[in-house]
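K.L.:
Provided herewith is a single structure, encoded as structure tokens, for subsequent inquiry.
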Amino acid sequence: MTQYKMDNLDKSILHALMDNARVPYAELAKKFEVSAGTIHVRVEKMKQANIITGTKVSINEKNLGYDVCCFIGINLKNAKDYPDTIKRLEALEEVVEAYYTTGNYSIFIKVVTRSIDHLQDVLINKIQAIDVIQSTETLISLQNPINRDVTP
């Protein structure tokens, strides 16, 4: 499959949709001085190229009562345990991101909990209870001063 070649209009459309995914195509067409059909075709092409993979609502975790965000580096006893471990971590609602990494850890995860007590429960009774995990290291996030999507 050939890579989709984005032009400035595509980039402008992406920026606008990243700011507000619900903006009408007619409004974008007026802003960028093209037809609504052109906007529709461009968006569909970017969907087909998997540049646009969906839309989602952004939520404020703290306003939902999730006050603790942390990152946990996980070392596995054996690399072959990776697929099963990922399945088990995926089943934990507190695990919101997972990465297979190089360096000090086999897996690096982002965990969001309501409190330090909740985090302790997740660590001891859920994550460290996975028998193929050799060790973990937890880094608690104090702040998230930069949180953005990649710039097209």
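K.L.:
Once fully extended, how much extra length lies between Ile86 and Ile51, figured as 0.36 nm per residue of separation less the alpha-carbon to alpha-carbon distance? Don't skip to the end; give the middle numbers.
P.N.:
Working: separation 35, 0.36 × 35 = 12.60 nm, distance 2.52 nm.
Stretched fully, the Ile86-Ile51 segment lengthens by 10.1 nm.
K.L.:
Compute, for the chain, the length of the dipole vector about the Cα centre, with Cβ point charges of +1 (Lys, Arg) and -1 (Asp, Glu) only. Units Debye, rounded to 20.
P.N.:
Using only the charged Cβ atoms, the result is roughly 520 debye.
K.L.:
Okay, moving on. Stokes-Einstein diffusion coefficient for the range 18-68 at 4 °C in a medium of 1.567 mPa s, Rh from the Kirkwood formula over Cα pairs: what value in µm²/s?
P.N.:
100
K.L.:
Given Cβ point charges of +1 (Lys, Arg) and -1 (Asp, Glu) and nothing else, what value in debye, to the nearest 20, does the dipole of the range 62-141 about its Cα centre take?
P.N.:
Details: 8 positive and 11 negative charges, 27 e Å.
Roughly 120 debye, rounded to the nearest 20.
K.L.:
Projected area of the chain, taken from the Cα convex hull and averaged over every viewing direction, in nm²? Numbers along the way, then the final one.
P.N.:
On the way: hull surface 47.8 nm².
Hull-based average projected area comes out at 11.9 nm².
K.L.:
For the range 8-48, what relative contact order do you get, as a whole percent, if you take Cα pairs closer than 8 Å and at least 6 residues apart?
P.N.:
Computed over the range 8-48, the figure is 35 percent.
K.L.:
Which one, Gln48, Gln120, Gln128, has the greatest fluctuation when you compute a Gaussian network model over the chain with C-alpha springs under 10 angstrom?
P.N.:
Gln48
K.L.:
Normalised by the number of residues in the chain, what is the relative contact order in percent for Cα pairs under 8 Å and 6+ residues apart?
P.N.:
On the way: 157 pairs, mean separation 37.6, N = 152.
Normalised by residue count, the contact order of the chain is 25 percent.
K.L.:
Ok, one more. Considering every pair of different Cα atoms, what Kirkwood radius, in Å, is found for the range 64-152?
P.N.:
One decimal place: 13.7 Å for the Kirkwood radius.
K.L.:
A further question follows. What are the ³J(HN,Hα) values, in whole Hz, obtained from phi via the Karplus relation 6.51 cos²θ - 1.76 cosθ + 1.60 with θ = phi - 60°, for each residue of the range 142-147 in sequence order, with x given for Gly and Pro?
P.N.:
8, 6, 10, x, 10, 8
K.L.:
Helix-derived [θ] at 222 nm for the chain: sum -39500 (n - 2.57) over DSSP H runs of at least 4, divide by residue count, nearest 500?
P.N.:
So the calculated ellipticity at 222 nm is -9500 deg cm²/dmol.
We did not get these values from a lab; they are worked out from the coordinates using the rules stated. Worth saying up front: this structure is predicted, and the values here are computed from it rather than measured. Because the Cβ atoms are built from the backbone with ideal geometry, glycine has one as well, and the counts that use them run over all protein chains shown.
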